[in-house]
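Novice: The structure is given below, and queries will be raised subsequently.
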Amino acid sequence: MNPWKLLDSVCVYQNDWIRVREDRVIRPDGQPGIYGVVEVAPSVVVLAADDQDRVVLVGQWRYARAKFSWELPLGGAHPEDHDRRATAARELREETGVAAAHWESLGLVEACVGVTNDVQEIFVATTLTHVGSQPDPSEQIQTRWVPFPEAVRMVMAGEITECASIAAILKHHVRRHS
């Protein structure tokens, strides 16, 4: 049972990527309070593995973190997107120029559960074809193919720190060794 009681909710900021709302609540201790929630569209992360057991990483400057980040291809659904696998296919092509014939879901990851509704579905994409990238104009992306064991090493060494990428790589690793 939900111990929180919602009294009122107001959107305090919105743009094309996020909506921030402030909720007036009665907290679990019975006292009034406010709770800020960042709402984002559902998103996907794609572990694309080729027939040589390599995975494609994308590297880009992450403005909010003020650093360059190696991660798996990922992105959010557009308002018209109702199929997360189609979103995953679009993001993979946009960021890497790769299309996949086979797709498998490894489940969901919920990021920053204390302040956001962010839910990402993990996909493994195989039987890959290079089709040419269609990058988003706001992104400057580098791609890098690494052997899958190298991707695992990068996670464990803290070279890949993005949470959905970590979850996808480690879930795939465990599944392969179970």
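The values are calculated or read from the model by the stated rules, or taken from the named source; none is laboratory data. What you are looking at is a predicted structure, and each value in this text was computed from that prediction instead of being measured. All Cβ positions, glycine included, derive from the backbone under ideal geometry; neighbour counts span all protein chains shown. Just so you know, the surface numbers come from the protein's heavy atoms only, side chains and all, with ligands and any DNA or RNA stripped out. Shrake-Rupley method; radii C 1.70, N 1.55, O 1.52, S 1.80 Å.
Every residue, every condition in (1) at pLDDT below 95; (2) in contact with a Ser or Thr (Cβ under 8 Å, 6 or more places away or on another chain), yes or no:
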{"position": "Met1", "(1), (2)": "yes, no"}
{"position": "Leu6", "(1), (2)": "no, no"}
{"position": "Pro32", "(1), (2)": "no, no"}
{"position": "Gly36", "(1), (2)": "no, no"}
{"position": "Val44", "(1), (2)": "no, yes"}
{"position": "Ala48", "(1), (2)": "no, yes"}
{"position": "Leu57", "(1), (2)": "no, yes"}
{"position": "Glu71", "(1), (2)": "no, yes"}
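Novice: Would the range 14-24 turn up any residue that is farther than 30 Å from His130 by Cβ and touching a residue at least 40 places away in the same chain (Cβ under 8 Å)?
Specialist: no
Novice: Now a separate question. List pairs: first residue in the range 138-155 and assigned to a helix (DSSP H, G or I), second residue of a type in the set (Asp, Glu) and open to solvent by 50 Å² or more (accessible area, probe 1.4 Å) anywhere in the structure, Cβ distance under 6 angstrom, at least six positions apart or on different chains.
Specialist: Correct list of pairs: Phe148/Asp53.
Novice: Anything in the range 29-47 that is surrounded by 11 or more Cβ atoms within 10 Å (Cβ to Cβ) and touching a Lys or Arg at 6+ places or on another chain (Cβ under 9 Å)? List them, or say none.
Specialist: Gly33, Ile34, Tyr35, Gly36, Val37, Val38, Glu39, Val40, Pro42, Ser43, Val44, Leu47, listed by residue number.
For every residue, the table says whether it meets (1) among the hydrophobic types (A, V, I, L, M, F, W, C); (2) within 30 Å of Cys11 (Cα to Cα); (3) surrounded by 14 or more Cβ atoms within 10 Å (Cβ to Cβ).
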position	(1), (2), (3)
Asp118	no, yes, yes
Phe123	yes, no, yes
Thr129	no, no, no
Gln134	no, no, no
Gly158	no, no, no
Ala168	yes, no, yes
His172	no, no, yes
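Novice: Moving to a separate point now. Can you tell me which of Arg90, Arg85 is open to solvent by less than 60 Å² (accessible area, probe 1.4 Å), of a type in the set (D, E, K, R) and closer than 24 Å to Asp16 by Cα?
Specialist: Arg90
Novice: Residue under question is Arg65, and the condition is that it be open to solvent by 70 Å² or more (accessible area, probe 1.4 Å), in contact (Cβ under 8 Å) with a residue 12 or more places away in the chain and basic (Lys, Arg); does it hold?
Specialist: no
Novice: Okay, moving on. Within the range 136-156, restricting attention to residues that are of a type outside the set (Val, Ile, Thr) and touching a Lys or Arg at 6+ places or on another chain (Cβ under 8 Å), which residue is surrounded by the fewest Cβ atoms within 10 Å (Cβ to Cβ)?
Specialist: Pro147
Novice: Continuing with this model, one more query. How many residues are farther than 17 Å from Glu94 by Cβ and not in a strand (DSSP E or B) when one looks only at the range 43-78?
Specialist: 8
Novice: Go through (1) open to solvent by 70 Å² or more (accessible area, probe 1.4 Å); (2) in contact with a helix residue (DSSP H, G or I) (Cβ under 9 Å, 6 or more places away or on another chain); (3) within 19 Å of Leu57 (Cβ to Cβ) one by one and return the number of the condition Cys112 breaks.
Specialist: (3)
Novice: Quick check on Thr161: is it polar (S, T, N, Q), under 30 Å from Gly36 (Cβ atoms) and either at pLDDT 95 or above or not in a loop (DSSP other than H, G, I, E, B) (or both)?
Specialist: Considered against the rule, which asks whether it is polar (S, T, N, Q), under 30 Å from Gly36 (Cβ atoms) and either at pLDDT 95 or above or not in a loop (DSSP other than H, G, I, E, B) (or both), Thr161 comes out as yes.
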